[in-house]
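*Asks:* Just dropping this structure here.
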Amino acid sequence: MRLASLGLVILSAFAHALLSLLIKKSNQKQIFCWLYNVAELVIFAPIPIYYFIYDQSAFPALSAMLLIVGLLHYLYIFTFAKSFEHSDMSLVYPIIRSSPALVMVGSVLLLNEQVSLFGATGVLLTVVGVYLLCMRSRDITSILATFSDASRTSGTRFAILTALIATAFTLLDKVFVSTIPPILYAYILYVMTTAGLTVQIAMTTTTESIRAEFRAFVLPIISCAILEVVGYVLVLIAFTEDKVSYVVGLRQISILIAVAMGGVVLKEENLRQRSLASIVIFLGILLISFAN
């Protein structure tokens, strides 16, 4: 991987972990996510204006595939916030970021692709890491019930769903960013994401709840708007410089950053167990990435 790409990906990973911390600290997470998405559109409005004036050809034609990507990004934000509503950040974040393992498993099951020893080992390590993350104790009953418990817990269930959604749109992002300027592509996705969130909030939330969340978290809302756009654009730019598997794999260093933030800043429990599990997951994803 090029040094420039390495720097972009690490900065993007830190931005995503910090954004997640701010979401976790909010009161009403769905409203908070909608507010910072609205703020993104306002703060970065000069982006589409620039392209409209100087390069209208950069705008993609509206297509079913683009709408699907926008819908996936909306669903990602929705399930991401839901997982944080129900569980600790240091528990659900590593599960959410384990999507590269799902990509490899899907390519084997659906596309009949061959997997290397590195890739198979990486998937195994990722599964072991998620298992360690969810394990409550070392007795034999708990060990056998770990995955069953995880599937019945709202936070981990939403985290697994979020990982599946991220798997889908990551593959599609690579296709679109090769033909659309990354920063414009990101803005278009945020327009579609915000549209979905607006419908959701209008149907489920009162005006007073929105005002209360905005008054309590105005600076974090603005910070998240900047962090998400900058972090996402950094990784999209890295996509144009290096293999998507390398970029996606290394970006998962955000797992270690987020778990540390959960333990140190939020004082969440089981930090030692979750740190060990997160290291195993990260190593597994690295093996998967460099096996491609």
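No value in this document is a laboratory result; all are computed from the given coordinates. Note that the structure is a prediction, hence the values are computed from the model and not measured. Neighbour counts are summed over all protein chains in view; Cβ atoms, including those assigned to glycine, are modelled from backbone coordinates with ideal geometry.
*Asks:* When only C-alpha pairs under 8 Å and at least 6 residues apart count, what is the relative contact order of the chain, in percent? Mind dumping the intermediate values first?
*Replies:* Details: 389 pairs, mean separation 120.9, N = 292.
Reported as a whole number, the value is 41 percent.
*Asks:* Something else now. Please state the shape class of segment 188-292: rounded when a/c is under 1.5, otherwise prolate if a/b exceeds b/c and oblate if not, all from the C-alpha gyration tensor.
*Replies:* Because a/c hits 1.5 or more and a/b fails to exceed b/c, segment 188-292 counts as oblate.
*Asks:* Please turn the phi angles of segment 6-18 into ³J(HN,Hα) values with the Karplus equation 6.51 cos²θ - 1.76 cosθ + 1.60 (θ = phi - 60°), one per residue in order, whole Hz, x for glycine and proline.
*Replies:* 4, x, 4, 5, 5, 4, 5, 5, 5, 4, 5, 5, 5
*Asks:* Here is a follow-up. Which residue, 130, 43, 171, has the largest displacement toward the positive end of the dipole of the chain when charges sit on each Cβ (Lys, Arg +1; Asp, Glu -1)?
*Replies:* Value: 130.
*Asks:* Roughly how big is the chain's charge dipole about its Cα centre, with Cβ charges of +1 (Lys, Arg) and -1 (Asp, Glu), in debye to the nearest 20?
*Replies:* Numbers: 18 positive and 15 negative charges, 104 e Å.
I would put it at about 500 debye.
*Asks:* What per residue convex hull volume, in Å³, do the alpha-carbon atoms of segment 3-291 yield? Display every interim value, and only then the final one.
*Replies:* Values: hull volume 40.4 nm³, N = 289.
Cα-based convex hull of segment 3-291, divided per residue, equals 140 Å³.
*Asks:* Which whole-Hz couplings ³J(HN,Hα) result when phi for each residue of segment 39-51 is put into the Karplus expression 6.51 cos²θ - 1.76 cosθ + 1.60, θ = phi - 60°, listed in order with x for Gly and Pro?
*Replies:* 4, 4, 5, 6, 4, 9, 4, x, 5, x, 4, 4, 5
*Asks:* Then there is this: What shape does segment 8-54 take by its C-alpha gyration tensor, where a ≥ b ≥ c are the square roots of the eigenvalues and a/c under 1.5 counts as rounded, a/b above b/c as prolate, and the rest as oblate?
*Replies:* Working: a/c = 5.13, a/b = 1.47, b/c = 3.49.
Oblate, since a/c reaches 1.5 and b/c is not below a/b.
*Asks:* Please compute the net charge surrounding residue 190, taking Lys and Arg as +1 and Asp and Glu as -1 over other residues with Cβ under 11 Å from its Cβ.
*Replies:* On the way: positive: none; negative: 40, 228.
Summing Lys and Arg as +1 and Asp and Glu as -1 gives -2.
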